[in-house]
């Protein structure tokens, strides 16, 4: 170091006047909501439910903490699908036997497994992490209006 070089003082970090609150694990208030899916569009309802499950509707939302609510979706068999998706969209699965690739149209899949179809739509809108699976476990889907979660006293939610 030369004799003419000066040592610079350390940079000071600007501090903001406001405070940011971050949610902590276990300190969130998860509420129970019930959503009636009758005559609702599949994708629009799935998007709104995904936002609620992640907790993005809350001012305390923190990406690293699960702050979402529990959602009970009833009447999934009465979901609507816009456009020509019922005839054109196909879902395939494999039975792990030779020649075991099976294909179902969306119309058949909605008739046979409406809960699985709705859960798949929401799952694909969630984070692809372990926490995303944890958030998805708070989604409860039922084909008709009967559900076993009346003890949790879910509030009606209009989406």
Just to check your reading of the model, which residue among 80, 58, 138 is surrounded by 14 or more Cβ atoms within 10 Å (Cβ to Cβ) and farther than 23 Å from residue 25 by Cβ?
80
Would you kindly identify the helices (runs of 4 or more DSSP H) lying entirely within the range 77-128 that contain at least 3 residues that are within 23 Å of the chain's Cα centre (by Cα)?
106-112, 114-123
Look through the range 116-135, keep the residues that are without any contact (Cβ under 8 Å) to a residue 40 or more places away in the chain and surrounded by fewer than 16 Cβ atoms within 10 Å (Cβ to Cβ), and return whichever of them is farthest from residue 69 (Cα to Cα).
116
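The numbers here are math on the coordinates, done by the rules we state, and not lab data. Being a predicted model, the structure only gives us computed values, none of them experimental. When we count neighbours, we look across all protein chains shown, and the Cβ atoms used for this are built from the backbone with ideal geometry, even at glycine.
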